[in-house]
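The values are calculated or read from the model by the stated rules, or taken from the named source; none is laboratory data. Given the structure is predicted, the values throughout are model-derived calculations rather than measurements. So basically every Cβ, Gly included, is an ideal-geometry build from the backbone, and we count neighbours across all protein chains shown.
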Amino acid sequence: MARLVRILLILALVSGCSFSTPTRFASDYFPIGVGMNWKFQADSLEKYIYVDNEEDSIFHMVIDGIPYDIKREFDGIYNLRDEIITYGGDRIDFGVVKELYLPLPFVSGDSLRDTLRFKEFYSGDTIDLYLSISITVRYGGTLSLPYGDVRDTYHVRRKFIRNGDTTLVDEWYAPNLGLVKRKEGEEIWVLTEFSSP
Amino acid sequence: MIILLLSWEFSLSSAIPSGYFSQNTQSGVSFSLVYEKYLDFGINFVNFSKEGYNLFIYKFEIGYPLKKDFLHIVPSVSLNYCVREGRYGGKENGFYPDVGIRFKFLIRTKPYIFLNLKFEEVFNGSIGSDITYFGIGFGM
């Protein structure tokens, strides 16, 4: 009996090497901290993402030269941005919009849609702003990238509609790395380097 | 002698990144069957539930008591079956094992009153997450 118990203990430990569940359930798929850098290859171009600074729990990220204000909350990552529409040559400011960028933690099968409507009155006219975001999350498995093989990825598909303009973006996130692959139209980014201070 | 133990346990865990929960605690009930000479077998049901996100863990645990009197020292392995329910309709499940050592303090009244203290390490090559379980219960 004692020998049987010992054998069972050893077998359970050895079999543990191939389980991915704890990695998926316990890892951070959106690590964010000042000084983090991601370098991507997009055809012959290089793309960069870095975290510039942090103020009041809002991280200032620069993605391919464009600044973003990112906030992490208990249910996900939010993008805070000033929504401005040009109307008759003038800028109509709708203020800061807080938009869910990623639901976290990722759970395969999650699917959500959020719609925001805004109105501003300008020179007797009503200016509408319609924003809609649809996000689906699927387990993405292993990806082979220039950075190396990354396991247990999640594939996030984001469909963003802004006053009739639709953008479809596919992104893949890896445990403790964050974004590792991105596809928008014909352009595909793949991670080549990642550094964290 | 066989002792059947029923306990309520709670744990402190570093297994879930702190961004997801303000306090990494989980709680649940545990049924243990202790055959003093060779075996400590337990089934635990633990549950995280916060802000619409649920994680259920069903632990099937087997251990081998090294010391068998007032203090039971039980190195053990658990096979955990996890179910995650996301906020937006997603659902995932999977198995993973972990290893731990459990110290069980048995006060030999009738019924038994016992205290559980268990340190557990999620067994995985890429991460090492500690979970410390505290439990209190009674047995017969």
**OP:** Would you be able to say whether some residue in the range B:24-33 is modelled with pLDDT of 75 or more, under 19 Å from A:Tyr29 (Cα atoms) and not charged (D, E, K, R)?
**Re:** no
**OP:** Kindly indicate the residue of the range A:101-117 that is closer than 16 Å to A:Phe59 by Cβ and modelled with pLDDT of 90 or more and also surrounded by the fewest Cβ atoms within 10 Å (Cβ to Cβ) among those meeting that condition.
**Re:** A:Tyr101
**OP:** With the checklist (1) outside any strand (DSSP E or B); (2) within 14 Å of another protein chain (Cβ to nearest Cβ); (3) at pLDDT 90 or above in hand, flag the one item A:Ile135 doesn't pass.
**Re:** (1)
**OP:** Would you check which residues across the range A:64-99 are small (Gly, Ala, Ser) and either closer than 16 Å to A:Phe30 by Cα or touching a Leu at 6+ places or on another chain (Cβ under 8 Å) (or both) and list them?
**Re:** A:Gly76
Original post:
Restricting attention to the range A:118-150, and to residues there that are closer than 25 Å to A:Tyr78 by Cα and either hydroxyl-bearing (Ser, Thr, Tyr) or in contact with a helix residue (DSSP H, G or I) (Cβ under 9 Å, 6 or more places away or on another chain) (or both), which single residue is surrounded by the most Cβ atoms within 10 Å (Cβ to Cβ)?
Top reply: A:Thr136
Original post:
Does the range A:76-85 contain at least one residue that is under 13 Å from the mean Cα position of the chain (by Cα), surrounded by fewer than 17 Cβ atoms within 10 Å (Cβ to Cβ), away from chain B (no Cβ under 14 Å) and among the acidic types (Asp, Glu)?
Top reply: no
